[in-house]
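What follows is a single structure, written as structure tokens, with notes after it.
Derivation of every value follows stated rules applied to the coordinates shown; laboratory data play no part. Quantities reported herein were computed from a predicted structural model and do not represent experimental measurements. Note that we place each Cβ from the backbone using ideal geometry, even for glycine, and neighbour counts take in every protein chain shown.
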Amino acid sequence: MLFIELLLPKGVFDEQERRNLAGRLTAQRLLSDAHGEAAADPGVIELFDSLTHVVVREEETWVSGGNLWDPSQGPCYVVNVIVGMWGKEMSEHLIAKITAELADAEGNPEPRALVNVISVPEGSYGIWGRAHRSPDMLRLIEEAKTGQVAAAPEGMVVDPVCGAVVPIEDAVLLERDGQTYGFCCAHCRGHFAKHAHDAKAS
């Protein structure tokens, strides 16, 4: 569900280093927590990974601050991340995680990295020859879910739709039948509420 384009000035990294950078930007790595543990259901992470593409490009001409970039200045990165319909919900996590991966690879706590998270408008995400809207993607996510997420640590909740582990203060909450549910985003909350309502009505 991610298309990640990593742009680099030509000559800063060799081919193996570029491959290593690409390996750091998979959905498997980006959708993990600070300790490298999956931050969602393993089946959902596998689905996201299968729909993620990472491209590393070297640019012949790179001007920054009005000056031509010299490879001797070291690394400089621009990362464009196209993220389906959930750009707003995922941007903060992706920016932090991508920057941390680049920092770790470079051995520099403050890499020169510009990260752009780009949302796709509803209905403009196409896989398997047809447009997929958020309900279609949420159905795929529910089908992929294994239910193997561990119990949420204190102060966290597990989203019942995608299995994401979310701090309770950041969760989108829903009260239903005397129980409080926490979700990673309004899309998951809406999907859960609709299906719970449909199940009750039938």
- [ ] For E59, enumerate residues with amide H under 5 Å from its amide H, sequence gap 5+ or separate chain, H modeled in the peptide plane.
- [x] L8, K10
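Please tell me the relative contact order of region 150-202 in percent, rounded to the nearest whole number, where contacts are Cα pairs under 8 Å and at least six residues apart.
The value is 29 percent.
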Open item on the list: Percent of Cα-Cα pairs more than 12 Å apart in region 111-165, please.
Closed with: 74
Task: Listed residues L51, A131, P160: farthest to the positive end of the dipole of the chain (Cβ charges) - done: A131
TODO: Would you list which lysines come within 24 Å of K194, measuring only between C-alpha atoms, while excluding same-chain residues fewer than 8 positions from it?
DONE: K88, K145
Task: Antiparallel bridge percentage (DSSP; both residues within the chain; nearest 5) - done: 60
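Looking at the chain, identify the longest residue range that excludes and avoids all trypsin sites (Lys or Arg not before Pro) in DSSP loops having at most 15 other Cβ atoms within 10 Å. Walk me through the numbers before you get to the answer.
Numbers: sites that count: K10, R112, R133.
Longest run free of exposed loop sites: 11-111.
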Task: For the chain, built as a Gaussian network whose Cα springs stay under 10 Å, the top-fluctuating residue of L68, L102, L173 - done: L68
- [ ] Name the long-range amide H neighbours of M156: under 5 Å, sequence gap of 5 or more, or other chain; modelled H, no Pro or chain starts.
- [x] I168
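Evaluate E = 1/(1 + (r/R0)^6) for N116 and E15, where r is the Cβ-Cβ distance and R0 equals 25 Å; express this FRET efficiency to the nearest 0.05.
Values: r = 25 Å, r/R0 = 1.00.
Approximately 0.50, to the nearest 0.05.
Mean Kyte-Doolittle of at least -0.5 and a Cα length of 20 Å or more along the axis: which whole DSSP H helices of the chain meet both?
Values: long enough: 87-106 (28 Å, -0.24); 186-201 (22 Å, -0.92).
Membrane-span-like by this rule: 87-106.
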Open item on the list: Ignoring GluC sites (Glu not before Pro) that are buried or in helix or strand per DSSP, and keeping those with at most 15 other beta carbon atoms within 10 Å, what is the longest stretch of the chain between them?
Closed with: 61-121
TODO: Once you have the Kirkwood Rh of the chain from its Cα pairs, apply Stokes-Einstein at 20 °C and 1.002 mPa s and quote D in µm²/s.
DONE: 116
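List the relative contact order of region 3-148 as a percent without decimals, with contacts defined as Cα pairs under 8 Å and 6+ residues apart.
Values: 207 pairs, mean separation 44.1, N = 146.
Relative CO of region 3-148 lands at 30 percent.
Select from region 69-141 those chymotrypsin sites (Phe, Trp or Tyr not before Pro) which occupy a DSSP coil region and have at most 16 other Cβ atoms within 10 Å, ordered by residue number. Don't skip to the answer; put the middle values down first.
Values: sites: W69, Y77, W86, Y125, W128; in loops: W69, W86, W128.
Hits after loop and neighbour filter: W128.
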